[in-house]
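Engineer: Okay, handing you the structure first.
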Amino acid sequence: MSQARFNSGLATRRAVEVRVYPPRTKRSGKARREELEVKLAALQKDYAELHTAIFEAAQVHRRLCAPRLVRHGNFEIASEIFAVRHLPGDFFTVEETNNGVVFALGDICGKGLAAGMWTTHLVGLVGARVAVTSKPEAIVAGVNRDLCLRESIVPLVSLFVAKLDPITGFVEYCSAGHPPAFLLRANGELEFLSEGGLLLGVVPAAPYVSGHIEFGVGDVLMVYSDGITESLNYAGEEFGYERLEAQLRRARAGAADAMLFSVLGAVQDFAAACPLVDDMSLAIVRRDS
């Protein structure tokens, strides 16, 4: 076939294959507005449902944790948790055992929904271990093994566990990478409780040890997450340990819940309108006369 005949046939075929599309109908401004209103209503409905789901999840978290004020003998235990985003990755639990009370404050690395979902799992692990033993170092070691044996990627967790005998005032504790708890004695002396071991979720067979103290009348124990000390003000300064100690000393004359809100109020006043940088949890344990 000659080049001329080939070109002629190709041109004819292209001409036949050309499709004619009908002109698009131009929508009126009213139709477009109605369509946008329908989409906006759907988005508002989705947002409302999401907001409700997050609120319900926050209520579940609240029920998993200890009540804001618990009393055992002449001991008061007050606690509060603030979330930086949606759900807190911090938790505080109090469990009664045959020979005392076990309380635990944990801080899961991360923020928001993911950290909040892990709290349910960690609270369950702590509760399961407390049902078997009341020794803080055994509870911490067991939770660490359970966490590390999961096949999925697990978060790092700091945990402070203590077993209190409300009759004698004897306390055993274990701190897994947690900020040192403050023990303020009635005579004004301050002790830091940091015996324990590594963060949870790092080494399955990590060793943990326990420390012990004896609670005297008027003594106060403060356990907290690092969201308290790392709260920032407009100048970029952290609230820090010195301010925390000073506020604890100022508030020491009050009941446990009054001390709790005094310390939290000082942190909020320091940060002013600056947003939280991390979840904040605080627990005050006080022995009355």
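The values are calculated or read from the model by the stated rules, or taken from the named source; none is laboratory data. These numbers were taken from a predicted model, which means no experiment stands behind them. Reconstructed Cβ throughout: ideal geometry from the backbone, glycine too, with neighbour counts over all protein chains shown. For accessibility, only protein heavy atoms count, side chains too; no ligands or nucleic acids. Shrake-Rupley method; radii C 1.70, N 1.55, O 1.52, S 1.80 Å.
Engineer: Among the small types (Gly, Ala, Ser) and either assigned to a loop (DSSP other than H, G, I, E, B) or open to solvent by less than 10 Å² (accessible area, probe 1.4 Å) (or both): is that true of Gly127 in this structure? Quick ask: steps written out before the conclusion?
Structural biologist: On the way: among the small types (Gly, Ala, Ser): yes; either assigned to a loop (DSSP other than H, G, I, E, B) or open to solvent by less than 10 Å² (accessible area, probe 1.4 Å) (or both): no.
No, not satisfied.
Engineer: Moving to a separate point now. For the stretch 94-124: of the residues being polar (S, T, N, Q) and surrounded by fewer than 21 Cβ atoms within 10 Å (Cβ to Cβ), which is farthest from Gly169 (Cα to Cα)? I'd like the intermediate steps shown before the answer.
Structural biologist: First, pick out the residues of the stretch 94-124 that are polar (S, T, N, Q): 97-99, 119-120.
From the residues that got through so far, the ones that are surrounded by fewer than 21 Cβ atoms within 10 Å (Cβ to Cβ) too are 97-99, 120.
Numbers: Thr97: 15, Asn98: 15, Asn99: 12, Thr120: 30 Å.
Filtering first and then ranking leaves Thr120.
Engineer: Please work out which residue is farthest from Phe82 (Cα to Cα), limiting yourself to the stretch 238-250 and to residues that are touching a strand residue (DSSP E or B) at 6+ places or on another chain (Cβ under 9 Å) and open to solvent by less than 50 Å² (accessible area, probe 1.4 Å). Step through it out loud before you land on a result.
Structural biologist: First pass over the stretch 238-250, keeping only residues touching a strand residue (DSSP E or B) at 6+ places or on another chain (Cβ under 9 Å): 238-239, 241, 244-245, 248-249.
Going one step further and asking which of them are open to solvent by less than 50 Å² (accessible area, probe 1.4 Å), we end up with 239, 244, 248.
Numbers: Phe239: 16, Leu244: 17, Leu248: 19 Å.
Filtering first and then ranking leaves Leu248.
Engineer: Among the numbered conditions (1) modelled with pLDDT under 75; (2) surrounded by 10 or more Cβ atoms within 10 Å (Cβ to Cβ), tell me where Pro23 comes up short.
Structural biologist: (2)
Engineer: What are the residues in the stretch 185-209 that are more than 20 Å from His121 (Cα to Cα) and not in a loop (DSSP other than H, G, I, E, B), if any?
Structural biologist: Leu190, Glu191, Phe192, Leu193, Gly196, Gly197
Engineer: So which residues in the stretch 210-219 are part of a loop (DSSP other than H, G, I, E, B) and surrounded by 13 or more Cβ atoms within 10 Å (Cβ to Cβ)? Break it down stepwise before answering.
Structural biologist: At the first step, the residues of the stretch 210-219 found to be part of a loop (DSSP other than H, G, I, E, B) are 210, 215-219.
Within the stretch 210-219, Ser210, Phe215, Gly218, Asp219 qualify.
Engineer: Something else now. Considering every residue within the stretch 226-237, establish whether at least one is of a type in the set (Phe, Trp, Tyr), open to solvent by 40 Å² or more (accessible area, probe 1.4 Å) and assigned to a loop (DSSP other than H, G, I, E, B). Please lay out each step first, then the result.
Structural biologist: Going through the stretch 226-237, the residues of a type in the set (Phe, Trp, Tyr) turn out to be 234.
Imposing the further condition that a residue be open to solvent by 40 Å² or more (accessible area, probe 1.4 Å) reduces the set to 234.
Those left that are additionally assigned to a loop (DSSP other than H, G, I, E, B): 234.
Yes: the stretch 226-237 contains one or more residues that are of a type in the set (Phe, Trp, Tyr), open to solvent by 40 Å² or more (accessible area, probe 1.4 Å) and assigned to a loop (DSSP other than H, G, I, E, B).
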